[in-house]
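Following: one structure in structure tokens, then a few remarks.
The values are calculated or read from the model by the stated rules, or taken from the named source; none is laboratory data. Please read all numbers here as calculations on a predicted model, not as lab measurements. No Cβ is skipped: glycine too gets one built from the backbone with ideal geometry, and neighbour counts run over all protein chains shown.
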């Protein structure tokens, strides 16, 4: 698809005349046709194209018996002007939106159990101030969220820290404690910390295989004799929380997972003391080198301001 000129011909324009002439000739494949569209003489178009080629030091067009055709250098220059035009139009749209932030859709990826804690309050606060902003909140595991952020399918992600190979920019991170979620009257509740090996005889409730926290626990070297069968393995953080609240099991969880219960004094988190498994990193990130739309940028700023509260 060829480049289309900005609609604001009489206002701000991103291109000097010689680039505009170059783009129009490339689009139409003819100097005369371009001149007719631009309402100038063909000689004026030819003169500007020649000046452009002299400045670059390479020909931009092959002259054919009927019309012209882009050279390799011309193709490269056309692609660059297309990108410039898209960026310019995006900037105009965002400036328009800033005048009142009348509209916009924000796409957020977040872990399932954190969506319940964060999304409703966030959406309510933004809607009260900017009723034209709508949201799409997608839940999934960290790998899914990060992949979709990297592809541009989501504006931002909040999940366990993505691999370094992913093309994302981490805006905020926090090392979240891992521990045993128990009732305040549990024998372990007064401990400052505990090693995972000490818990093998307890009715353990563990995250399912493949979940990020379980992967962290599986890295522990418990020795060849350390065989155990957990009371429950599940991919439901809500079930793990309820098992701890009922006193039925000792759930290995992150502080984020039970933050409301900790603040209310309904549960206690006894930190794990095992090296390399005492914390897990939580991340707020966006796609690398991505310029967010205005609505998404406003929401992202709010998430950064509240990040410390979210992670406790």
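Data overview
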| read-out | value |
| --- | --- |
| Single residue of 18, 52 found to be modelled with pLDDT under 85, assigned to a helix (DSSP H, G or I) and under 24 Å from residue 88 (Cβ atoms) | 18 |
| The range 65-75: number of residues that are modelled with pLDDT under 90 and loosely packed, with under 15 Cβ neighbours inside 10 Å | 2 |
| From 242, 305, residue being without any contact (Cβ under 8 Å) to a residue 12 or more places away in the chain and within 20 Å of the chain's Cα centre (by Cα) | 305 |
| Residue ID - surrounded by the fewest Cβ atoms within 10 Å (Cβ to Cβ), chosen from residues in the range 254-278 that are within 29 Å of residue 153 (Cβ to Cβ) and touching a strand residue (DSSP E or B) at 6+ places or on another chain (Cβ under 7 Å) | 256 |
| Per-region count, the range 171-209, residues surrounded by 14 or more Cβ atoms within 10 Å (Cβ to Cβ) and assigned to a strand (DSSP E or B) | 16 |
| Residues within the range 157-197 that are under 31 Å from the mean Cα position of the chain (by Cα), over 13 Å from residue 281 (Cβ atoms) and touching a residue at least 60 places away in the same chain (Cβ under 8 Å), tallied | 8 |
| Test for residue 211: is it without any contact (Cβ under 8 Å) to a residue 60 or more places away in the chain and within 20 Å of residue 311 (Cβ to Cβ) | no |
